Every structure is written in C-alpha cells, then in structure tokens.
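First comes the structure, then the notes that go with it.
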Amino acid sequence: MVNTFSGIEQCRSLAQADKHGFLQVTHNGVTWKVFVSQGKLCYAHHSVQTLDTLNYHLAQLGHEAINQLAADMDSMNPGSWGKLNATVEHLHQQGKLDAAGRTNLKNAIAKEALETLLWLPAGNAEWHDLANVAVSEDMPELSPVLDELDIRLQSWQKLTPHIESPHQQPYCPDTNQLSQTVANGMLNPGLLSMLAKLMQNKSIGELSIFLKQDRLKVAQLLSPYIQSGVIQLRDAAAPLNQLPNIPALAATASVSAPQGAISAPANGGSAKRQKIVCIDDSPAMLETIEGYLGSEGFDVATVENPMESLSTMFAMKPDLILMDVSMPGINGNRLCQILKRSSVFKEVPIIMVSGNTGALDKAKAESSGATDYLTKPFSKEDLVAIVETHLKTAIAS
C-alpha cells in the first residue's frame, strides 16, 4: 500500500516499532530504502549515491579515496546499493578496511541517505515486511541517529537561503575580491585562493573530500563569502539535483518536550564513580568542571561539539548531564529537548549551566525538560552540591 511520506515522524515510528523490513520512499526520480529490525538501523541508501559518496565518507573516516575502483563500480549490475555495498565489501576483502571500518562506512552511507530523506517535503512511501533481516550488535539504534540528524538539520537551516544544497557548486567570479574583508569570514586570502582553484565545477560535498572536513563544516566556512557575493553558487549537477533541498527553517515543525522536572533513574548505584557528561563549547570551562568533579571521584566525560559527538553521547549512557545554554550551532535548551525525546536520556537528570540569572532563562530551562539550573560563575562546592543532590535523588527513586 502506497502512503504519503510524513518525514521524521514516520521514521521515528519505525524506531519504536517491533518491525522487520524496509521503508521505500520515492520522489522526483529518487528512491530511498531504510532497512530496520526492532528499532535498529540495518542500513539505508538512495538511488543516486555514487562513488563520490564512498570517497567522502572514506575521507571522513581517515581513509584514502578509491578512484581506482570507479571502473569496477561501473561494470557492476545496476542499483546504487549493490554497487556501494559491493565496493565496501571489496575494500574489506582487500584488507583496506577492517571489520570496524566496514561497519562505520556502511553506517555513514546510511546516515547520509537518511539525512536527505528527512529533508523531503513529501513522497510516496511503502512499507515492506521481511521475514529475516540480518542484525548485528554493531548496528545503531535508529532513534539516536534521527536525533543526531535533527540537530544537523538545524545547523543546515541556518545557512538557508544562501545555501540550498550541499551539492551546489561554488565558484569565484572575480578572484580580486578574495582579498577583501568579509563579515564573519574565517578564511585568510591565501586559503580562499586555494579553494577557488579547487572549486572547478566541484560541489560543496566534493570540496569537503579534498579538505577532509564534514560537508556541513565546509558549508559553514563558505557561507559568509556566499552571502557577501565573493563566492557564488551554481545549481547541483544531475543526478544530485533530484535530491531535496535543505528545508526552510519556518517549515520545520517543533516537537514539544516534557514539561517540568525530570526524575532520575532508580539504578541503586553510588553517586561516586557515576558517569557525568559535560557539554560546553568552552575548553576552559570543561577543564574546570572536569577538575572539580574528577577530584571528588566522579567519572567525567567532556563534549565540546555536541553536533559532532551526539552518537558518542548516546554510547556513554551518563547518569547525569551538565549542559551550557549558549553554544554555537545549537541552543542548549533545544538540545535538551532533543535528548529528552530519546528513551536513553528520558530519565537522566540534565542541569543547564548559564551566565544569565534571569527568571526567563530558568523558565526556558524548565520547559525544555531540564532538571535544574546552575548559574555561572559557580564554586566547586556549588557544582558538587547540585550534582550530588540529583544523583542522590536518582538513587532514591
């Protein structure tokens, strides 16, 4: 039965369902397939993923590009997933990828496909039951993957309407302008000149392969120069122009998070040696918090960039989270809402940390699902007291 694709909410329903099979979505000549088994993401792909997809993710994972395999891919049977999967397996068999590398590469391909699927405004969707779907321990849970992509979407949307797609092709119409000062520009003229030479009908995504950077980060670096007109964009080349553009910010539906205080889990453990994750874009603040809590016997993990480390945060399974409110890329209150939608963090105390003492900020923290609120600057005694209070509550619950 064909239905209308309902975006991230339909994918979230798959994450919660006891199903084995795949969701197939078609739109504008592109087909996506998302294979799941009991809430785990087995794999995902879309029909216009190419060798560049592999090269991009190999670069992200610290491996060399595989241009020499282009002919091998072209000789394979039609079907992008067959080609991509066969190439990944070929690399593994040749010893160029170990088992972990193979898994990471397949997961990266799946996330890329899911990301573009979640940008889709509408499409035709069909669910196909399968009797047996191979599942392994290293397959990720679908729910945190969707949370990670939801955060990335917010960052992409901040670049619109100046950037509509990571597949657009940047170019410099007048290299003399590369030396001019651009507001919020982070690149020096020498690096800009190098990038201008590299562009040559390459997309933002293809540039990121050369730079060995995430395509979102490359787009963020180029954005000020695109806004100023120093760098301009051509449309994405076929067949990548068939993929959906980044949805406009106003078109994104907000999902309400639980209201009020959150109770901590009844794990019966000691407050000491429990895992505490600290999220702050300031290395100095992270070092201070780690020093304060580490000296008291807590197991502390720090996260400087939550958008790049969300999957790691899910794997940490913390007993308590300390989170800065003001961070570049995403507001702490919004990140708190996203975390609280996941069953992993639903019962984990989250303490928001901010330099603002206003009642409005405290109200925002509460409405986002935060457990408590700590004002900067704070002493070691203040920090330890609030952490121990909520860990003790967790033990008593």
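Taking 29 Å as the straight-line reach from the Cα of residue 96, the lysines in range (excluding those fewer than 8 positions away in the same chain) are 33, 40, 83, 106, 111, 202, 212, 217.
With Cα atoms defining each centre, segment 166-212 and segment 93-164 are spaced 28 Å apart in the structure. Its Cα gyration tensor gives segment 275-396 an equivalent ellipsoid, and the semi-axes of that ellipsoid, as √(5λ) in whole Å with the largest first, are 18, 17, 16.
The slack between residue 295 and residue 343, meaning 0.36 nm per residue of separation minus the straight C-alpha distance, is 14.2 nm.
Grab the beta carbon distance between residue 38 and residue 176, set R0 = 45 Å, and tell me the FRET efficiency rounded to 0.05. Numbers along the way, then the final one.
Numbers: r = 59 Å, r/R0 = 1.31.
It comes out at approximately 0.15.
First measure r as the distance between the Cβ atoms of residue 17 and residue 184, then evaluate 1/(1 + (r/R0)^6) with R0 = 41 Å and state the FRET efficiency to the nearest 0.05. After rounding to 0.05, the efficiency reads 0.40.
A simple spin-label model places pseudo-atoms 7 Å from Cα toward Cβ; at residue 122 and residue 235 they are separated by 2.1 nm. In plain terms, the chain from residue 138 to residue 3 could stretch by 45.5 nm, reckoned as 0.36 nm per residue minus the Cα-Cα distance. Here the calculated FRET efficiency for residue 96 and residue 160, from their Cβ-Cβ distance with R0 = 51 Å, stands at 0.85, rounded to the nearest 0.05. For the pair segment 314-331 / segment 5-50, the C-alpha centres are spaced 28 Å from each other.
First check a/c for segment 288-332, with a ≥ b ≥ c the square roots of the eigenvalues of its C-alpha gyration tensor; if it is under 1.5, answer rounded, and if not, answer prolate when a/b is larger than b/c or oblate otherwise.
Working: a/c = 2.44, a/b = 1.45, b/c = 1.68.
Oblate, since a/c reaches 1.5 and b/c is not below a/b.
The modelled label-to-label distance between residue 305 and residue 363, using points 7 Å beyond Cα along the C-beta direction, is 3.6 nm.
Throughout, read-outs are computed from the coordinates displayed, never taken from laboratory work. As the structure is a prediction and not an experimental result, all values here were calculated from the model. Cβ atoms come from the backbone with ideal geometry, glycine included; neighbour counts cover every protein chain shown.
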